[in-house]
1. For the chain, report the accessible area per residue in Å² (1.4 Å probe, heavy atoms, rounded to an integer).
2. Are any of the pairs Lys59/Lys159; Lys73/Lys152; Lys59/Lys172; Lys152/Lys179; Lys14/Lys120 more than 29 Å apart by Cα-Cα distance, and if so, which?
3. Largest first, how would Val21, Val10 line up by accessible area (1.4 Å probe)?
4. Over 24 Å between Cα atoms, which of Lys173/Lys194; Lys70/Lys153; Lys89/Lys167 qualify?
5. Hey, with R₀ at 30 Å, roughly what FRET efficiency would Glu40 and Asn94 work out to, going by the Cβ-Cβ distance, to 0.05?
6. Compare the peptides 175-188, 62-75 by average per-residue count of other Cβ atoms within 10 angstrom and give them in order, highest first.
7. How large, in Å, is the stretch 78-139 by the Kirkwood hydrodynamic radius built from its alpha-carbon pairs?
8. For all pairs of alpha-carbon atoms in the chain, what percent lies in each bin of width 5 Å, listed from the first bin to the last filled one?
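The values are calculated or read from the model by the stated rules, or taken from the named source; none is laboratory data. Note that the structure is predicted; figures quoted are calculated from it, not measured. Every residue, glycine as well, gets a Cβ built from its backbone with ideal geometry; the counts of neighbours run over all protein chains shown. For accessibility, only protein heavy atoms count, side chains too; no ligands or nucleic acids. Shrake-Rupley method; radii C 1.70, N 1.55, O 1.52, S 1.80 Å.
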Amino acid sequence: MNLNVNAVYVMHYKPLAERLVHMNNMLTNQGIDFSVFDSEPENNLHEYFIDDFEIRKQKLSLFPGNQPSKNVKASEISLAYKHVLALEKMVNDNVDVALFLEDDAILCDNFSSVANEYLKNTPDDWDMIFPGNGCNLRIHQSRIRQGQVAYKKDHPSTKCTDSYFIKLDAAKKLLTTIKPFHIAIDWELNFQLKHHNFNVYWYEPYIVQQGSTGAGTGIWRSAIQ
């Protein structure tokens, strides 16, 4: 069964080659075509990232209890850069709906069939959907309803960035404000999604697992710890 999206983008860090082998095998076995983003920022970094502690502090002030770091790690810059490149590709190619995956994502069995059913049962007003279990963030049990899979999430509304669906209009809006980014991609998206007042949904039960230590199944050590 074909996955009902127009593109799948995989963010990959080249030194962790075993992750791309896993991703290629998993997606190929499920009949899912995908594009890999593995470029590292070079001379054009200033267009994409500015190291400004005061702006980081302003952005994170919207989410009490989260303090900005003095420095953004090179691995965090690299990952955010790849997400933005994929957003640019999506907009340039006029892709209506895309699935973004990081290279440690683990899809459920029969993912296309399950995801298609979930998408069919998601309200049409969605801008982004987080289908995974990043950092073991879940919809509170009190909200769970039999037969419901999509739950609208108040901001902050990301649950890591191992996996998310996004519509073209949302990608276009993000690109008007996300460059240059100032913090790691999960918190940058938290700021951007709130800024644009996106309708964000989480799936429960989740259909993607995050494979990095401390955030999911622990198959791999996190590349940004």
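1. Numbers: 10830 Å² over 225 residues.
Per residue, the chain has an accessible area of 48 Å².
2. Details: Lys59/Lys159 17 Å; Lys73/Lys152 31 Å; Lys59/Lys172 20 Å; Lys152/Lys179 26 Å; Lys14/Lys120 35 Å.
Among Lys59/Lys159; Lys73/Lys152; Lys59/Lys172; Lys152/Lys179; Lys14/Lys120, the Cα-Cα distance tops 29 Å for Lys73/Lys152; Lys14/Lys120.
3. Solvent-accessible surface, decreasing: Val21, Val10.
4. Long pairs (Cα-Cα over 24 Å): Lys70/Lys153.
5. 0.65
6. Put in order of decreasing packing, that is 175-188, 62-75.
7. In the stretch 78-139 this quantity evaluates to 13.7 Å.
8. Going out from 0 Å in 5 Å bins, the chain shows 1, 7, 15, 20, 21, 19, 11, 5, 1, 0, 0 percent.
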